[in-house]
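Worksheet: the structure to be examined is printed underneath.
The values are calculated or read from the model by the stated rules, or taken from the named source; none is laboratory data. Note that this is a predicted model, so its numbers are computed, not measured. Glycine also receives a Cβ, built like all others from the backbone with ideal geometry; neighbour counts cover every protein chain displayed.
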Amino acid sequence: MVKYLFVTGGVLSSVGKGILTSSIGKMLQSRGLKVTVIKIDPYVNVDAGTMNPYMHGEVFVTDDGGETDLDLGWYERFLDLSLKQENNITTGSIYKAVIEKERRGDFLGRCVQIIPHVTNEIKSHFRKIARTSNAEVVLTEVGGTVGDIEGLPFLEAIRQMRLEEGFENTLYVHVALVPILDVTQEMKTKPLQHSVNELRRIGIQPDTIVARSPKMIDAEALRKIALFGTIPENAVFCSYNAESVYQVPLILDSQGMGDFICQRLNYACTRPYFVQWKEFVDAVVKPEHELNIALVGKYAGLTDSYVSMGEALRHGGAANKTKICITYLEAEKFEQDPQCISELNNFDGVFVPYGFGPRGTEGKMAAAKFARENDIPFLGICYGFQIATIEFARNVCGLKDANSTEINPNTPHPVIDLMPEQRGIENKGATMRLGSHKVVLEKGTMAYNLYRTQEVKERHRHRFEVNLDYLDVLCKNGMVYSGKSADGRRMETLELPDRYFYFASQFHGEFRSRPGRPSPEYYGFITACLNRKLGKPKPTFS
Ligand code: GLN
């Protein structure tokens, strides 16, 4: 019998529901249970692909090409899963399915309503994922905050799940903020109490409550949460601020949350196995070195825009027992004041991330040029790869005003151009080159040495690519495209062998990076930054 666990949030969003859900998954997984995770996003977009990263954070790309919420990235990193597009549902995706059925005539003669048709669609989605994933526990995180109008159909579906699946097969976890007042240093549980009431009004009584607070809640706060939440005190847990998010499963497990959930779901309580996880956490919280990395991007004001990239850098850091300090620099700054570029001398490495549209691209090119000329380790991802190609075409190959047609459609040298299959596509939703594609690495190159294999599968999200008409001139001038698509026509990685470390990829290694198993390109970059800082020779990775 599959068990369903639901996580709701109260008081305000961004209380770390994603990390909590991932941590609960980790506690169960470390006891030998097979888990999967669903994220509900109550907005009307069919997927996250059409949203601005500056508002909503990054779009996390799954192996099957889903453009999903960034929380799926946390689930994958914590649980080492490869999730699918269907693990992220939205109001848009559910209504789309219901409306398609209605048009097909599946409900012929009937009036189609939120209850039961929309709620049935939601429940059947939960069950479908339970079936196809073979998981023993399906965790579902409900995005937004309890009380939001757009979340109501989802909460109603969850309420019905208890009736249909039974008490011992369903569990409601509610997490809410417990702030500490500056003036009195008092822990305030009233907002949490209100959010529990809001949940009950809908007909859901939480089985366990997690207080999200700056520090461990005191006995008085715990007593109040239990009393007003109508749950025993041993069903209240506290997720306090930790040095690293990867500590959260260990913190909650030490409070007994893992055992509590197992008992409640009628699983024999086994001791959790956290050995490798703890090793990784130790490397994160007790580093021996420190590196300062400059991330030169367009969405620098919201670090959530680059969350997977930041984590991949940290995974590479942990493998080197190194703390990674990232400074998010707005690329446009280097356009407004070109002198500023020498600031990059203060960093151990320069990183140019993904991006779209013209804004900030000249600044990114200035950063790539500065790193290349001053031999500062450089890693470029997706747009960063394209930027590195353009900069090289302009300043090494002498192709004046070379550009991407995304940035300047009239450039005399379109070294980056739209992929042929993209021509004529008008719809913006889910139409890029997405998801896992095979990349073939050439023996003897750094890419091959880093990945230690000839064929890798990496995730993609782009419309433009290196224009093959310019391949000759780029390569004659020293650029090495060490990774290509299976047919050899699509450039996937580049490297400059005469530099200390200069590497970029069209794909996004960060999406497959895991604690204890960093993405090779990120690992290579961090190792190079550290070697250079310690005055060691450049790493060959062979
Ligand atoms: N804008 C570029 C493209 O569409 C790069 C996309 C990205 O960085 N993800 O090809």
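Which residues, taken from the stretch 425-448, are more than 16 Å from the ligand (Cβ to nearest atom) and either more than 24 Å from residue 500 (Cβ to Cβ) or touching a Pro at 6+ places or on another chain (Cβ under 9 Å) (or both)?
Across the stretch 425-448, the qualifying residues are 438, 440, 445, 446, 447.
The conditions are (1) in contact (Cβ under 8 Å) with a residue 60 or more places away in the chain; (2) buried (at least 17 other Cβ atoms within 10 Å of the Cβ); (3) touching a strand residue (DSSP E or B) at 6+ places or on another chain (Cβ under 8 Å); (4) not charged (D, E, K, R), and residue 449 fails exactly one of them. Which is it?
Single failed check for residue 449: (3).
For residues in the stretch 348-405 being assigned to a strand (DSSP E or B) and of a type in the set (A, V, I, L, M), which is nearest to the ligand (Cβ to nearest atom)?
Looking at the filtered set, the residue picked out is 381.
Pull up the stretch 409-446, narrow it to residues that are at positive phi and surrounded by 14 or more Cβ atoms within 10 Å (Cβ to Cβ), then point me to the one that is farthest from the chain's Cα centre (by Cα).
Once the filter is applied, the top-ranked residue is 430.
Which residues, taken from the stretch 279-305, are assigned to a loop (DSSP other than H, G, I, E, B) and buried (at least 20 other Cβ atoms within 10 Å of the Cβ)?
Across the stretch 279-305, the qualifying residues are 298, 299, 300.
Filtering the stretch 463-480 down to residues that are within 16 Å of the ligand (Cβ to nearest atom) and buried (at least 22 other Cβ atoms within 10 Å of the Cβ), which residue is farthest from residue 425 (Cα to Cα)?
Among residues in the stretch 463-480 that are within 16 Å of the ligand (Cβ to nearest atom) and buried (at least 22 other Cβ atoms within 10 Å of the Cβ), the one farthest from residue 425 (Cα to Cα) is 466.
Being more than 25 Å from the chain's Cα centre (by Cα) and modelled with pLDDT of 95 or more narrows it down to one of 114, 89, so name that one.
114
Yes/no matrix, rows are residues, columns are (1) of a type outside the set (A, V, I, L, M); (2) assigned to a helix (DSSP H, G or I); (3) at negative phi:
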site	(1), (2), (3)
228	yes, yes, yes
231	no, no, yes
234	yes, yes, yes
248	no, yes, yes
262	yes, yes, yes
271	yes, no, yes
277	yes, yes, yes
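Among the residues of the stretch 484-502, what is the count of those that are within 16 Å of the ligand (Cβ to nearest atom) and either in a loop (DSSP other than H, G, I, E, B) or touching a helix residue (DSSP H, G or I) at 6+ places or on another chain (Cβ under 9 Å) (or both)?
6
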